[in-house]
1. Would you say F99 is aromatic (F, W, Y), outside any loop (DSSP other than H, G, I, E, B) and closer than 19 Å to L3 by Cα?
2. Can you pull out the residues in segment 260-283 that are within 28 Å of S162 (Cβ to Cβ), buried (at least 17 other Cβ atoms within 10 Å of the Cβ) and in contact with a Leu (Cβ under 9 Å, 6 or more places away or on another chain)?
3. Any residue in segment 341-350 that is in contact with a Leu (Cβ under 9 Å, 6 or more places away or on another chain) and in contact (Cβ under 8 Å) with a residue 60 or more places away in the chain?
4. What do you reckon, is F99 free of Cβ contacts under 8 Å to residues at least 60 places away in the same chain, surrounded by 22 or more Cβ atoms within 10 Å (Cβ to Cβ), of a type in the set (F, W, Y) and under 30 Å from E321 (Cβ atoms)?
5. When segment 8-24 is examined, which residues are found to be surrounded by 12 or more Cβ atoms within 10 Å (Cβ to Cβ) and either of a type in the set (A, V, I, L, M, F, W, C) or farther than 19 Å from K76 by Cβ (or both)?
6. From the list F413, F330, pick out the single residue that is modelled with pLDDT under 90 and of a type in the set (F, W, Y).
7. Of everything in segment 25-45, what is part of a loop (DSSP other than H, G, I, E, B) and either surrounded by fewer than 21 Cβ atoms within 10 Å (Cβ to Cβ) or out of contact with any Ser or Thr (no Cβ under 8 Å at 6 or more places or on another chain) (or both)? Give them in sequence order.
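The values are calculated or read from the model by the stated rules, or taken from the named source; none is laboratory data. All of these numbers come straight from a predicted model, not from anything done at the bench. Quick reminder, even Gly has a Cβ in these numbers, built from the backbone with ideal geometry, and neighbours come from all protein chains shown.
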Amino acid sequence: MTLHAVGINYNTAPIAIRERLAFPAELLESALKTLWNSHKIDGAAILSTCNRTEFYFQTDENTPSSLIEWIAENKKIPPSEFIPYLYNYTDSQSIKHMFRVACGLDSMVLGEPQILGQMKTAYQAAYEAGTLGKHLGKLFHHTFSAAKKVRTDTAIGSSPVSVAFAAVQLAQQIFDSLSEQTALLIGAGETIELTARHLSQNHIGRIIIANRTYDKAHHLATQFNGYAIDLSEIPNHLAEADIVVSSTASQLPILGKGRVESAIKKRKHKPMFMVDLAVPRDIEAEVEQLRDVYLYTVDDLQNTIDQNINSRRKAAIQAEEIIDTQVEYFLSWMRSQGAQSVIKDYRLQAELTRNEVLAKAMTQLNNGRSAEDVLNQLAHTLTNKLIHTPSAQLREAGANDRHDIVAAAREIFKLK
């Protein structure tokens, strides 16, 4: 059986293709069952994110033709439209690829941690669908262990590499506990959504989201138990905000010095942390002159991010070394499975021999023969039967100059 990792990602396929091959979480289980039942595949899992769709499976085929047929059928897409974007890793390379993906080494943002959770979702879906199989299930567990080791032994995820994450980390340095703070987020785009996500993960006390389109603000706010307002309502809520993060496409400043100064007075000069991630600026530069206001721009954070990217790149080198070692560990386990059937057959043969000799011994005991005589004969007979075939095979190997078999026997039986 060949182990495959087949897929597309942000490097190999445009978003128009990635969208067509994506599998929503609620459809994963049913998709896996149809893949498992209708094609020559043993063990299957699907990882589907905004940046990649990957299929992990075992098959007798060297090329993933069965999978390609299934994708074309399931997604109603001619193979010619997605085959040029596919990559296919097999055996040791597929194992290494899964490890690299789980560790964030194959991510758009180097070392990002979200992908490990997405890998676990893929595993859980395959487990519930009953499509994992022994080897793939073991591989997923080893993948999670490898990712944990990389996270523990390197600094791959310790430094922020997005402005949203850097902003939240900086807020944590200024405030003792975010659980007691209120954050006002201005805008409703990807950066603000990511900021809201990081704040929520760090247990922010309250989130207010302001946007020119109220419906967008409301949609985003409901995801994080927040409160939505229109941009025009900002003056009424600004004094409540301990943290302000703004990222809009406005051509004019949204917050001026006078408005922020009024809010600070209402707050009785309680400090306010402000981050302007917009270009052009959403917050007037003069706001920085106010006491009790800590204002940072995207440039201030970018310097930190650049340093952290370099730090992650260095950590990635260490991570690759750890992954190479972990791949070899898993390959050793895979190789050991090839001997399992031999071990099972050898043990069964020995147990049959034991039962045969034991049955004769019990008959002799029942016929009144002394226990000592019976035990001696049992030990003698059992020994002869167990070593007869190996001895005969070794004599034949010696006669045919098969020194490799003789040497292997010496190693197997640990003979000095």
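1. Criteria met by F99.
2. Passing the criteria: V260, A263, M272, F273, M274, V275, D276, L277, D282, I283.
3. no
4. no
5. At the first step, the residues of segment 8-24 found to be surrounded by 12 or more Cβ atoms within 10 Å (Cβ to Cβ) are 8-10, 12-13, 17-18, 20-23.
Across segment 8-24, the qualifying residues are I8, N9, Y10, T12, A13, I17, L21, A22, F23.
6. Values: F330 fails: modelled with pLDDT under 90.
Of F413, F330, the one residue that is modelled with pLDDT under 90 and of a type in the set (F, W, Y) is F413.
7. H39, K40
Conditions tested, residue by residue: (1) assigned to a helix (DSSP H, G or I); (2) surrounded by 15 or more Cβ atoms within 10 Å (Cβ to Cβ); (3) at pLDDT 95 or above.
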{"position": "L132", "(1), (2), (3)": "no, yes, no"}
{"position": "A146", "(1), (2), (3)": "yes, yes, yes"}
{"position": "R151", "(1), (2), (3)": "yes, yes, no"}
{"position": "G157", "(1), (2), (3)": "no, yes, no"}
{"position": "V161", "(1), (2), (3)": "no, yes, no"}
{"position": "A166", "(1), (2), (3)": "yes, yes, no"}
{"position": "Q173", "(1), (2), (3)": "yes, no, no"}
{"position": "L184", "(1), (2), (3)": "no, yes, yes"}
{"position": "T195", "(1), (2), (3)": "yes, yes, no"}
